[in-house]
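Comments concern the structure below.
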Amino acid sequence: MTEPNRLVEVNDLEVVFDTVEGRTHAVNGVSFSMDAGETVGIVGESGCGKSVMSLAMLQLVPRPHGKIARGSIIYYQRGKAVEITKLNPTGKAMRALRGNEMAMIFQEPMTSLNPVYTIGEQIMEVLRLHQKMDNTRAKQRAIEMLEKVGVPDAAQRVEEYPHQFSGGMRQRAMIAMALSCTPNLLVADEPTTALDVTIEAQILELLAELQRDINMAVLFISHDLKVIGEIADRVIVMYAGWVVEEAMREDIFQNPQHPYTRSLLAAIPRIGRRERLVSIPGRVPSLSQLPPGCFFAPRCPAATDQCRREEPQVFTVNQGHTVKCWNYWDKEVQKTS
Amino acid sequence: MSTETLMRVSNLKKYFPIRKGVLRRVAGHVKAVDDVSFQIRQGETLGMVGESGCGKSTTGRSIIRLIEPTAGSVKYRTAGQEEEITHFNKTQMKAFRQRVQMVFQDPFSSLDPRMSVRDTVSEPLFVHRMGSQKERTEQVKELLQTVGLSVTHLNRFPHQFSGGQRQRIGIARALALRPELIICDEAVSALDVSVQAQILNLLQDLQSEFGLTYMFIAHDLSVIDYISDRIVVMYLGKIVEVATKQQLYDNPSHPYTEALLGAIPIGEKRVGEGKRLLLGGTVPSPANPPPGCTFHTRCPYAADICRQKEPVLESVANSGDHQAACHFTTELELKSFYDFSQVDRSGA
């Protein structure tokens, strides 16, 4: 049943947070899969659940307020299925996976590095813990990794503290740390958002290169469709906790089906295009006050009564391209049946 | 759009002292803005682009003396006369502030959390003693509608609004005094794309409705392209290129501009010549800028002269509007944005 290359399967995942305003569904029935070596991009606006999705992949959803309420994440460790959602988030088995098999990089490298340890010590910690290396070997490997991610004078800079690194260099150090145990899955949550465009280009290129080297799968999360388009093989569009569209990169850009995806594409200023930007009226709904029916209906130019009443089903446009929208059903599916 | 100059900035400098030791002696200077000259024309949108730390925000603040410039002149045209605003006294400055307003990046920190929308938007009217309290409230209501908010929002507080709505409040406040020039400092950077489009469209509508002039500071070249007529590119406290939008994207004349254009994500797989041009290294510290051309440490075309002699901002052949600061402007054949965005549509 499973593909030989399958690395991760997420089935009907639901992540909830208990807040003073009641239970909110940050991730609401999300399913997707990833193959070894593949880059999957998750795109969406703030509050769409993309970051929570990325945390859930490593069982890092902040507790006790947040928890995985339903569904499963299955990780194939050398062909053997491990149900991550069944593991104790702080248990030994989960900790053995994190760092070694799956790693994560975050948006703001300054807050994710410890300011009182040197860059070298922080990379070495990972290696000592997961690869059981001794200090000398770990240090050697840390220098190697820093060289690999393009930090100049690595042997010297390994002794420096995070504040002595620039933003781009810190992100490189983070990547070095994440990749030091050659993980099979890298979850990258907005890794270039805080960086300048020339530095962003460097980091994206570096990620792609390292990925080819060690055949690692990358789950790349960003609010920026254009960045996603540079790096991802497949794109998942999220809105208010739902996956509203999933397709190969070319299909998302050339043949978007969901009104939200279309609006997002039309809302991005593109160089050389002179026509007025299409803005989406209103804003992303608060997760504690979701509208009935389709969550996008209040902002959707094509919403019908059915959209305001019933949650849309997921329809298949063609192989690998799915869309969660009643309009698609009206137009395409009904016509043919 | 006329070609009349509204603001003329000449040789503007802003140095921040670095103090060290117990006596807080000045140990050096951060040259945030170093000898910058440009003009803002009546009715245009002048885009200012550059990476973090290049001095674009400091320039925006210095020209209206929110930060006192270290040296240089800023002339502003009032009733056909150019007046030197760096010599203005307090009263003159207050009158000048009616004409020039600012919209800030972060709508979360630029609004006072304890002031209602009514108080925030009417404060400039109150400070400049315009109208009675009742008239002011009427004006605030009108302004809210102009920026796409509702009068029911009048008595709410900033925390009750989303980022896009807060930015609208900030714009309403800037519009209250009917200014001529609005300086937008990264006004859409903190917003989601769908909301960013709303605000960009709003700014354009307001411009045509009230005949506003904008100076639009941003790091996003696609946003800059969308909103600007002319563009100033800054690097390490200096202007490296000034051009119309068309000239800049079709025919960049400074290697740094080329590198910026090459780094813009386009959302598609690139082929052959369309490959990204990668700039090595990072921006040097403005406290200790490299000698000669400040860009030579990262420039792929740098020669000996670049390390020794500082290039001046000069007109690029045959176009008075297009200026660049590079020794090799005429020799280099730089790639345009369109060269960088050659894409593979075969799906391979």
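The values are calculated or read from the model by the stated rules, or taken from the named source; none is laboratory data. None of these values were measured; they are calculated from a predicted model. Here the Cβ positions follow ideal geometry from the backbone for every residue, glycine too, while neighbour counts run over all protein chains shown.
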- Message: Which numbered condition in (1) at pLDDT 90 or above; (2) surrounded by fewer than 23 Cβ atoms within 10 Å (Cβ to Cβ); (3) within 14 Å of chain B (Cβ to nearest Cβ) is the only one that A:GLU205 fails?
- Response: (1)
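Within the range A:172-194, how many residues turn out to be within 10 Å of chain B (Cβ to nearest Cβ) and either among the charged types (D, E, K, R) or crowded, with 23+ Cβ neighbours inside 10 Å (or both)? Explain how you work it out, then say what you get.
The initial filter retains those residues of the range A:172-194 that are within 10 Å of chain B (Cβ to nearest Cβ), namely A:192, A:194.
Now restrict to residues that are either among the charged types (D, E, K, R) or crowded, with 23+ Cβ neighbours inside 10 Å (or both): A:192.
Of the residues in that region, 1 qualify.
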- Any chance the range B:200-222 includes a residue that's in contact with a Leu (Cβ under 9 Å, 6 or more places away or on another chain), under 27 Å from B:SER10 (Cα atoms), in the same structural domain as B:ARG77 (by TED's automatic domain parsing) and part of a helix (DSSP H, G or I)? yes
- Query: Is there a residue in the range B:174-187 that is modelled with pLDDT under 95, under 20 Å from B:CYS54 (Cα atoms) and aliphatic (A, V, I, L, M)?
  - Reply: yes
- Scan B:LEU212, B:LEU206, B:LEU177 and give me the residue that is hydrophobic (A, V, I, L, M, F, W, C) and within 14 Å of B:LEU46 (Cα to Cα). B:LEU212
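Tell me, please, whether a residue that is at positive phi and within 14 Å of chain A (Cβ to nearest Cβ) can be found in the range B:163-180.
Within the range B:163-180, none of the residues are at positive phi and within 14 Å of chain A (Cβ to nearest Cβ).
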- Within the range B:126-136, can one find any residue that is among the aliphatic types (A, V, I, L, M), at pLDDT below 95 and more than 29 Å from the chain's Cα centre (by Cα)? yes
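In the list B:LEU206, B:LEU191, B:LEU236, which residue meets the criterion of being aliphatic (A, V, I, L, M), farther than 13 Å from B:GLY50 by Cα and more than 10 Å from chain A (Cβ to nearest Cβ)? Walk me through it before giving the result.
Details: B:LEU191 fails: more than 10 Å from chain A (Cβ to nearest Cβ); B:LEU236 fails: farther than 13 Å from B:GLY50 by Cα.
Selected residue: B:LEU206, the only one of B:LEU206, B:LEU191, B:LEU236 that is aliphatic (A, V, I, L, M), farther than 13 Å from B:GLY50 by Cα and more than 10 Å from chain A (Cβ to nearest Cβ).
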- Six or more apart or on different chains, Cβ under 8 Å: which pairs go from a residue in the range B:180-192 that's assigned to a loop (DSSP other than H, G, I, E, B) to one that's aromatic (Phe, Trp, Tyr)? Could you list them? B:GLU186/B:PHE104; B:ALA187/B:PHE104; B:ALA187/B:PHE216; B:ALA190/B:PHE108
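Please work out which residue is nearest to the other protein chains (Cβ to nearest Cβ), limiting yourself to the range A:21-52 and to residues that are part of a loop (DSSP other than H, G, I, E, B) and surrounded by fewer than 17 Cβ atoms within 10 Å (Cβ to Cβ). Let's see the steps before the verdict.
Taking the range A:21-52 and keeping what is part of a loop (DSSP other than H, G, I, E, B), we get A:21, A:36-38, A:44-49.
With surrounded by fewer than 17 Cβ atoms within 10 Å (Cβ to Cβ) added as a condition, the list becomes A:21, A:36-37, A:46.
Values: A:GLU21: 14, A:ALA36: 21, A:GLY37: 17, A:SER46: 6 Å.
For the range A:21-52, the residue satisfying everything is A:SER46.
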- If you go through the range A:192-207 one residue at a time, how many are within 19 Å of the chain's Cα centre (by Cα) and assigned to a helix (DSSP H, G or I)? 7
- Query: Taking the range A:70-117, which residues are crowded, with 16+ Cβ neighbours inside 10 Å, β-branched (Val, Ile, Thr) and within 22 Å of A:ILE199 (Cβ to Cβ)?
  - Reply: A:ILE105
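In the range B:18-54, what count of residues is obtained for those that are within 14 Å of chain A (Cβ to nearest Cβ) and assigned to a loop (DSSP other than H, G, I, E, B)? Spell out the reasoning first.
Of all residues in the range B:18-54, those within 14 Å of chain A (Cβ to nearest Cβ) come to B:45, B:47, B:49-54.
After this cut, where a residue has to be assigned to a loop (DSSP other than H, G, I, E, B) as well, the list is B:50-54.
Looking only at that region, the number is 5.
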- So A:VAL284 clears everything in (1) within 9 Å of chain B (Cβ to nearest Cβ); (2) under 22 Å from B:GLY267 (Cα atoms) except one condition, right? Which one? (2)
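Which of the residues spanning the range A:286-299 are in a loop (DSSP other than H, G, I, E, B) and surrounded by 18 or more Cβ atoms within 10 Å (Cβ to Cβ)? Talk me through it step by step, then tell me what you get.
So the first thing to find is which residues in the range A:286-299 are in a loop (DSSP other than H, G, I, E, B), and the list is A:286-296.
Selection gives A:LEU287, A:GLY293, A:CYS294, A:PHE295, A:PHE296.
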- Please find, among A:GLN171, A:GLN107, the residue that is in contact (Cβ under 8 Å) with a residue 60 or more places away in the chain and outside any helix (DSSP H, G or I). A:GLN107
- Options B:ILE231, B:ILE217; residue that is in contact (Cβ under 8 Å) with a residue 24 or more places away in the chain, more than 11 Å from chain A (Cβ to nearest Cβ) and within 25 Å of B:THR146 (Cα to Cα): B:ILE217
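Hey, among B:PHE96, B:PHE88, B:PHE126, B:PHE161, which residue is of a type in the set (Phe, Trp, Tyr) and under 28 Å from B:LEU191 (Cβ atoms)? If you could, list the steps in order and put the result at the bottom.
Details: B:PHE96 fails: under 28 Å from B:LEU191 (Cβ atoms); B:PHE88 fails: under 28 Å from B:LEU191 (Cβ atoms); B:PHE126 fails: under 28 Å from B:LEU191 (Cβ atoms).
B:PHE161 is the lone residue from the list that is of a type in the set (Phe, Trp, Tyr) and under 28 Å from B:LEU191 (Cβ atoms).
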- Query: Filter the range A:298-337 for residues that are touching a Pro at 6+ places or on another chain (Cβ under 6 Å) and of a type outside the set (Lys, Arg); which is farthest from A:GLY29 (Cα to Cα)?
  - Reply: A:ALA302
- Within the range A:224-277, can you find the residues that are at the interface with chain B (Cβ under 8 Å from one of its Cβ atoms), within 29 Å of A:GLN211 (Cα to Cα) and part of a loop (DSSP other than H, G, I, E, B)? A:ASP224, A:ILE268, A:ARG270
- Message: Looking for something in contact with a His (Cβ under 9 Å, 6 or more places away or on another chain) and either surrounded by fewer than 18 Cβ atoms within 10 Å (Cβ to Cβ) or assigned to a helix (DSSP H, G or I) (or both) - is there at least one such residue anywhere in the range A:7-15?
- Response: yes
- Item | Odd one out for B:GLY47 among (1) surrounded by 23 or more Cβ atoms within 10 Å (Cβ to Cβ); (2) over 16 Å from the mean Cα position of the chain (by Cα) | (2)
- Query: Going by the conditions given, is B:SER122 closer than 28 Å to B:LEU12 by Cα and either without any contact (Cβ under 8 Å) to a residue 24 or more places away in the chain or not aliphatic (A, V, I, L, M) (or both)?
  - Reply: no
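Please find, among B:ARG168, B:ARG178, the residue that is buried (at least 24 other Cβ atoms within 10 Å of the Cβ) and closer than 19 Å to B:GLN145 by Cβ.
Numbers: B:ARG178 fails: buried (at least 24 other Cβ atoms within 10 Å of the Cβ).
Just one listed residue meets the conditions, B:ARG168.
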